[in-house]
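Q: Sharing a structure below in structure tokens format, with a few things to ask.
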Amino acid sequence: LSTIASPTHSPSARKRAFDELPKRTKGMGAVSVAWTKALARRCSMGAFVNFESIEHCIILAQESFEANDCKVSSLFLTCVKTMIASFPALAATKESFKNLVEFLEVVRTDVTPEAKKELEEYGIVTLISDILAKSASSMPGKGNGDDEETISIYETLRSQLLRLCKNDGTPEQARNSVHALSSLVNPVSQHLSLPSRVKKEKKEFEPLLKALVAPSRLAIPDDSMASKQKSKIVSVLSAIAAVAECAPYAFNSTGEGKTPLCWGERAIDFSLNAVLLGKNTSSNLSNEEYSSDSGSESETESPAKGRRSSTARGNKAAVASSKGNDKVNISVHCRMICASIEVLICHIRATIVRAKADGAKSELEAPSTEHVAKVFKTLIDILEQNGQPP
């Protein structure tokens, strides 16, 4: 059954396993043999789902994009996404990984304004980031013995994923990027000790978290800003929530600067007090602390000054205008509130789960009872007020 179920085995090897199955199970009785055969057929998924099919679909998606047919390209990528939902290792071969990274770099750097509109319409970048997020856990990870080409591929991917997190990614793209980065830093194939894993996690995610909580990014948008500029706060909060989930040691590590709050605490303070409760944040940060991350990547600075009165108006308008699950009709303030709730819940859940999983060696401390009670009281108030924050 293991040979039959693995999509990385060749069709001939799986056929031999099917032929061998009746011999192995004939002593179990006719009913058991029939049941085992049915189970084997359900495990096999046919010969069409294998790593070669995935590689061909990725190549065809690239070629379709180069032929200016984003619709067909998205269809091939959707096939890949569907197949790796059950078998993420299918897209983790060296060839598939290389082609995915090349494809991501092309659609992120070398496109015309017209092509960029089509990319957004068919969600090409989102599909690629989703595939990378799911398959990265099965990738071998960067090692000391890698050749220059492999190292270059990893660095290119890391650069593109960080850009999606910090600059111009949608909320889903930012979340997928963090999950992919987490899998690349600590792949399943590498059984590292807890101190080594924590060290790598902090090295990768502390600079990212520091950039995400910078005042130029973590600020309630002004109504005078363009809609695309205002929606960046949702992507930032989605990325922070993913970091809290994937890298709790980095999220809870001690920060720097003039305030005692760590980077994660600053995100929690903003999400709970500024967004949900409408208070001024206690972490009035100096932009000088983030000078190393500013420059060409930083946006227009607008430090958080508490939730504005327009938040409630935006939420009411969103309730009136939204249809189904169409996020286009949902106001930025409403999406910001949802993303803030996600930050708070991911932090509580991931910290407690990881601390229990790592046992006595863990340096994580569970959130205080007072904090958990405050968060859940706020969520209860939102439910009792039909979705309106307190």
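Q: Under 12 Å from the Cβ of Thr378, count the other residues' Cβ atoms, weight Lys and Arg +1, Asp and Glu -1, and hand me the total.
A: Spelling it out: positives minus negatives among the neighbours equals +1.
Q: Right, here's the next one. When the Karplus curve 6.51 cos²θ - 1.76 cosθ + 1.60 is applied with θ = phi - 60°, which whole-Hz ³J(HN,Hα) does each residue of the range 176-181 get, with x for Gly and Pro?
A: 4, 5, 5, 5, 5, 4
Q: Name the residues whose placed amide hydrogens come within less than 5 Å of the amide hydrogen of Cys262, ignoring near sequence neighbours (fewer than 5 apart) on the same chain.
A: Gly255
Q: Mind ranking Arg197, Arg266 by accessible surface for me, highest first, 1.4 Å probe?
A: The residues order as Arg197, Arg266, largest area first.
Q: Here is a follow-up. Ignoring any ligand, DNA or RNA, what whole percent of the accessible area of the range 148-208 comes from carbon and sulfur when the probe is 1.4 angstrom?
A: It is 53 percent, rounded to a whole number.
Q: Any idea which of Ser340, Val375, Asn386 is furthest toward the positive side of the dipole for the range 333-388, if Lys and Arg beta-carbons carry +1 and Asp and Glu beta-carbons -1?
A: Ser340
Q: Now, a different point. If we count every other residue with Cβ under 11 angstrom of Lys116's Cβ, Lys/Arg +1 and Asp/Glu -1, where does the sum land?
A: -4
Q: Moving to a separate point now. Among Met28, Met83, Met225, Met336, what's the order by accessible area (1.4 angstrom probe), most exposed first?
A: Sorted by accessible area, descending: Met28, Met225, Met83, Met336.
Q: Using a 1.4 angstrom probe on the protein heavy atoms only, line up Tyr154, Tyr122 by accessible area, largest first.
A: Descending accessible area places them as Tyr122, Tyr154.
Q: Turning to a different aspect of this structure: Express the C-alpha Rg of the range 88-161 as a ratio against the empirical globular expectation 2.2 N^0.38 Å, rounded to two decimals.
A: 1.16
Q: Can you run phi through the Karplus equation (6.51, -1.76, 1.60; θ = phi - 60°) for the range 109-117 and list ³J(HN,Hα) in whole Hz, with x for Gly and Pro?
A: Taking θ as phi minus 60°, the curve returns 10, 10, 9, 7, x, 5, 5, 5, 5 Hz for the range 109-117.
Q: For the range 1-110, with the dipole built from +1 on Lys and Arg beta-carbon atoms and -1 on Asp and Glu ones, taken about the Cα centre, which of Thr109, Thr25, Leu77 lies farthest toward the positive end?
A: So the residue furthest toward the plus end is Thr25.
The values are calculated or read from the model by the stated rules, or taken from the named source; none is laboratory data. Quick caveat, the model's predicted, so the values are computed rather than measured. With ideal geometry, Cβ positions are generated from the backbone for all residues, glycine too; neighbour counts draw on all protein chains shown. Note: areas computed on protein heavy atoms with side chains; ligands, DNA, RNA excluded. Shrake-Rupley method; radii C 1.70, N 1.55, O 1.52, S 1.80 Å.
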